[in-house]
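Undergrad: Dropping the structure in here first, questions after.
The values are calculated or read from the model by the stated rules, or taken from the named source; none is laboratory data. What you are looking at is a predicted structure, and each value in this text was computed from that prediction instead of being measured. All Cβ positions, glycine included, derive from the backbone under ideal geometry; neighbour counts span all protein chains shown.
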Amino acid sequence: MKHLLRSLLVLLPVLAFAADKAKHVKADGAEKLLSSGNVTVVDVRTAEEFKEGHIKGAKNIDIMATDFEAQVGRLDKSKPTLVHCQAGTRSTRALKTFEKLGFTDLTHLDDGFAAWQAAGKPVEK
């Protein structure tokens, strides 16, 4: 039983990613995507977290906001969209909303803004 539980805990993040249709990238892949200049970056962290530092040009739409879906719905669905949070959990949940609203070119920054910072990528305040 203990081994089964341990296996499920290891597979849980994999299964969460398998359920969405987004591409998944690490910090270097996200930076490459951003260099194209034609991507909307959506940071789903709180406004307080966003103020402490964010990816340049990112739009802050807090996943906990009561109008989160409405705010996402106002974005250009035809544009490539990079979604992230601090560590990847909230943004993984947010992908479902983006997909429900018809976004088709979605990319998820795996391990989130923390990994972006750890990789020494530029941060705006």
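Undergrad: Got a number for residues in region 106-125 being over 11 Å from residue 30 (Cα atoms) and without any contact (Cβ under 8 Å) to a residue 60 or more places away in the chain?
TA: Residues flagged as over 11 Å from residue 30 (Cα atoms) and without any contact (Cβ under 8 Å) to a residue 60 or more places away in the chain within region 106-125 amount to 2.
Undergrad: Something else now. Kindly indicate the residue of region 47-69 that is crowded, with 16+ Cβ neighbours inside 10 Å and not charged (D, E, K, R) and also farthest from residue 34 (Cα to Cα) among those meeting that condition.
TA: 63
Undergrad: What number of residues in region 20-32 are out of contact with any Gly (no Cβ under 9 Å at 6 or more places or on another chain) and surrounded by 19 or more Cβ atoms within 10 Å (Cβ to Cβ)?
TA: Counting residues in region 20-32 that are out of contact with any Gly (no Cβ under 9 Å at 6 or more places or on another chain) and surrounded by 19 or more Cβ atoms within 10 Å (Cβ to Cβ) gives 2.
Undergrad: Assuming residue 87 fulfils every condition listed in (1) part of a loop (DSSP other than H, G, I, E, B); (2) touching a Ser or Thr at 6+ places or on another chain (Cβ under 9 Å); (3) surrounded by fewer than 17 Cβ atoms within 10 Å (Cβ to Cβ) apart from one, which condition is it?
TA: Here residue 87 meets the rest and fails (2).
Undergrad: Considering every residue within region 90-103, establish whether at least one is closer than 13 Å to residue 30 by Cα and surrounded by 15 or more Cβ atoms within 10 Å (Cβ to Cβ).
TA: Scanning region 90-103 turns up no residue that is closer than 13 Å to residue 30 by Cα and surrounded by 15 or more Cβ atoms within 10 Å (Cβ to Cβ).
Undergrad: Go through region 104-125 and give me each residue that's modelled with pLDDT of 95 or more and in a loop (DSSP other than H, G, I, E, B).
TA: Across region 104-125, the qualifying residues are 105, 110, 111, 119, 120, 121, 122, 123.
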